[in-house]
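The values are calculated or read from the model by the stated rules, or taken from the named source; none is laboratory data. It should be emphasised that the depicted structure is a prediction, and the values quoted were computed from it without experimental measurement. All Cβ positions, glycine included, derive from the backbone under ideal geometry; neighbour counts span all protein chains shown.
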Amino acid sequence: GFINLGEVAFDAVSDGSESGNGGFSEGPVSADLETTGINLGVAARFPVNETFGFYSRAGLFRWDAELDISNGGRGLTIDDDGTDIYFGVGAELRMGRLASLQLELERYALDGDELPVIVDDVNIVTLGVKLLLD
């Protein structure tokens, strides 16, 4: 499925000391990072009883990250992408015939080439309701 890992934004001020070496010029610096992708994997279920159980999942995550940086009226965009693994564990509680409550922890092990310091592992905790159609 499609996964949006969100957007991270930050603002800072450069003193301009590294502007001669390809760094930022003096003044405000802002950056926005957005990472999205598509995952495909398998899941295994481990029922404890009729209403409660655990599950695990693992697979591949094809992702794309875009970092937009602006400084002193200049802009720079750096793109990075890759295919890396993801895995997760969760618990599921059936609430009648048509719904269940799920709590899950997923880890996306991202390994960026262009943005190795910024694009890194991402952990997600989700709480959701799954509707079951008869």
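The table that follows gives values for the structure above.
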item: Candidate set from segment 1-23 (those that are aliphatic (A, V, I, L, M) and under 17 Å from residue 65 (Cα atoms)); member that is surrounded by the fewest Cβ atoms within 10 Å (Cβ to Cβ); result: 9
item: Complete set of residues in segment 24-70 that are of a type in the set (Gly, Ala, Ser) and under 30 Å from residue 95 (Cβ atoms); result: 41, 43, 44, 53, 56, 58, 59
item: Segment 63-82, residues that are surrounded by 13 or more Cβ atoms within 10 Å (Cβ to Cβ) and not charged (D, E, K, R); result: 63, 65, 67, 69, 70, 71, 72, 78, 82
item: Single residue of segment 31-57 satisfying the filter (small (Gly, Ala, Ser) and loosely packed, with under 13 Cβ neighbours inside 10 Å) that is farthest from the chain's Cα centre (by Cα); result: 44
item: Pick from segment 9-66, criterion assigned to a strand (DSSP E or B) and among the charged types (D, E, K, R), ranking: farthest from residue 84 (Cα to Cα); result: 11
item: Filtered residues of segment 92-106 (kept if buried (at least 16 other Cβ atoms within 10 Å of the Cβ) and farther than 21 Å from residue 6 by Cα); result: 92, 94, 100
item: Options 18, 26, 50, 34: the member that is modelled with pLDDT of 90 or more and more than 30 Å from residue 97 (Cα to Cα); result: 34
